[in-house]
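**Q** To start, I am sharing the structure in question, which I have written as structure tokens.
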There are 2 protein chains.
Amino acid sequence: MSLNDTFKALADPTRRKILDLLKDGDLTAGQIAEHFDMTKPSISNHLNILKHAGLVWDERKGQTIVYSLNTTVFQDVMKWLIDLQQSKG
Amino acid sequence: MSLNDTFKALADPTRRKILDLLKDGDLTAGQIAEHFDMTKPSISNHLNILKHAGLVWDERKGQTIVYSLNTTVFQDVMKWLIDLQQSKG
DNA sequence: AATATATTTAGAAAATTATCTAATAATGAA
DNA sequence: TTCATTATTAGATAATTTTCTAAATATATT
């Protein structure tokens with residue numbers, strides 16, 4: 001759950017697409033996997049990395065696990081980017 | 001020079017630290033390398049990745065090559081982050 | 001022209017990350 | 001309890017990235 005974890009998580013195009021999918025609403029792991037030409041365990045791994053970075057939350061609902069986007073972590077990334085644009089000069 | 005290149009470039013802590021160093025002013029490749037416990041070729045590689053992503057510019061000055069920060073690329077990253085925070089409803 | 005300095009390029013080794021198949025866990029329904 | 005469904009974990013392989021040493025390039029100086 002560090003800034004490094006967040007940047008690392010955002011570095012992969014599959015994971016960025018997952019976040020983009022979740023923008024429109026929560027989805028189960030299976031629904032997310034449907035959007036990719038990749039096995040479910042691979043998607044599960046990506047979801048775990050996103051979860052570790054605090055970019056998504058998960059909640060079991062019966063047989064399924066529902067994932068939702070958490071954009072609060074973006075604040076730290078934005079802060080880092082903005083700080084870099086202001087010289088200490 | 002794609003958004004993917006930018007995210008990939010930002011995913012490494014050494015490269016983020018290089019950007020942070022350049023925030024205070026331009027530096028030669030050698031001066032940058034001094035800040036790290038790593039060989040010059042390794043730093044040179046990181047600088048090349050940052051350059052490829054459009055995050056830094058380089059300019060030869062005599063024997064040295066001076067690197068400077070380019071934050072204009074950040075706009076694209078920011079846009080991506082902000083877009084993600086606004087649902088398509 | 002020869003030498004020194006600053007940096008990069010080339011190529012290999014090490015480390016990390018992404019992906020797959022097979023097996024396991026958790027829930028729900030018959 | 002047994003079977004089906006959803007999803008994850010484990011472990012192996014493949015791919016990518018990082019880092020190193022050695023060699024090459026570019027400029028400046030003597």
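**Q** For the range B:43-88 and the range A:13-72, what is the centre-to-centre distance using only Cα atoms, to the nearest Å?
**A** When both Cα centres are located, 29 Å separates them.
**Q** Any of A:LYS8/B:LYS51; B:LYS23/B:LYS61; A:LYS61/B:LYS8; A:LYS17/B:LYS40; A:LYS61/B:LYS79 with alpha carbons more than 24 Å apart? Name them for me. Could you put the intermediate results ahead of the total?
**A** On the way: A:LYS8/B:LYS51 19 Å; B:LYS23/B:LYS61 20 Å; A:LYS61/B:LYS8 34 Å; A:LYS17/B:LYS40 36 Å; A:LYS61/B:LYS79 33 Å.
In this structure, A:LYS61/B:LYS8; A:LYS17/B:LYS40; A:LYS61/B:LYS79 exceed 24 Å between Cα atoms.
**Q** Please compute the net charge surrounding B:VAL66, taking Lys and Arg as +1 and Asp and Glu as -1 over other residues with Cβ under 9 Å from its Cβ.
**A** Values: positive: B:ARG60, B:LYS61; negative: B:ASP26, B:ASP58, B:GLU59.
Here the count lands on -1.
**Q** Compute and list, largest first, the equivalent-ellipsoid semi-axes of the range A:3-85 from the alpha carbon gyration tensor, each √(5λ) rounded to a whole angstrom.
**A** Details: eigenvalues 116, 35, 22 Å².
Output for the range A:3-85: semi-axes of 24, 13, 10 Å.
**Q** Please give the residues from the range A:11-58 for which the solvent-accessible area of heavy atoms, probe 1.4 Å, is smaller by at least 40 Å² with all protein chains in place than with the chain isolated.
**A** Listed by number, the residues meeting the 40 Å² cut-off are A:ALA11, A:ARG16, A:LYS23, A:ASP24.
**Q** Could you report the buried accessible area between B and A, both sides summed, computed with a 1.4 Å probe and given in Å² to the nearest 100? Each step should come with its number before you reach the end.
**A** Working: alone 6180 and 6180 Å², together 9820 Å².
For chain B against chain A, roughly 2500 Å² becomes buried.
**Q** In nm, what does the list of distances from A:GLU34 to its counterparts in the other copies look like, shortest first, when each label sits 7 Å along Cα to Cβ?
**A** So the label point of A:GLU34 gives 5.9 nm to the other copies.
**Q** When you look at the Cβ of every residue in B:77-87, what mean number of other chain Cβ atoms sits within 10 Å? Walk me through the numbers before you get to the answer.
**A** On the way: counts 4, 6, 0, 5, 9, 3, 2, 9, 7, 2, 5.
Per-residue shielding by partner chains comes out at 5.
**Q** Per residue of B:2-9, what is the mean number of Cβ atoms on other protein chains within 10 angstrom of that residue's Cβ?
**A** Numbers: counts 1, 2, 4, 0, 2, 9, 5, 2.
Mean partner shielding for this stretch: 3.
**Q** Let me ask you something else. What does the C-alpha gyration tensor say about the overall shape of the protein assembly as shown? Classify as rounded when a/c is under 1.5, otherwise prolate if a/b is larger than b/c, or oblate. If you can, show how the numbers build up before the last one.
**A** Details: a/c = 2.73, a/b = 2.24, b/c = 1.22.
Prolate shape, in that a/c is at least 1.5 and a/b is the bigger ratio.
**Q** Then there is this: How far is B:GLN85 from itself in the other copies, in nm, if each label sits 7 Å out from Cα along the Cα-Cβ line, shortest first?
**A** Listed shortest first, these distances are 1.2 nm.
**Q** Further question: Kindly state, to the nearest 0.05, the FRET efficiency for B:SER44 paired with A:SER87, given R0 = 30 Å and r defined as their beta-carbon distance.
**A** Details: r = 25 Å, r/R0 = 0.82.
The pair B:SER44/A:SER87 has a calculated efficiency of 0.75.
The values are calculated or read from the model by the stated rules, or taken from the named source; none is laboratory data. For clarity, every value in this text was computed on a predicted model and none was experimentally measured. Cβ coordinates were reconstructed from backbone atoms using ideal geometry, including for glycine residues, and neighbour counts include every protein chain displayed. All accessible areas refer to the heavy atoms of the entire protein, side chains included, with ligands and DNA or RNA removed. Shrake-Rupley method; radii C 1.70, N 1.55, O 1.52, S 1.80 Å.
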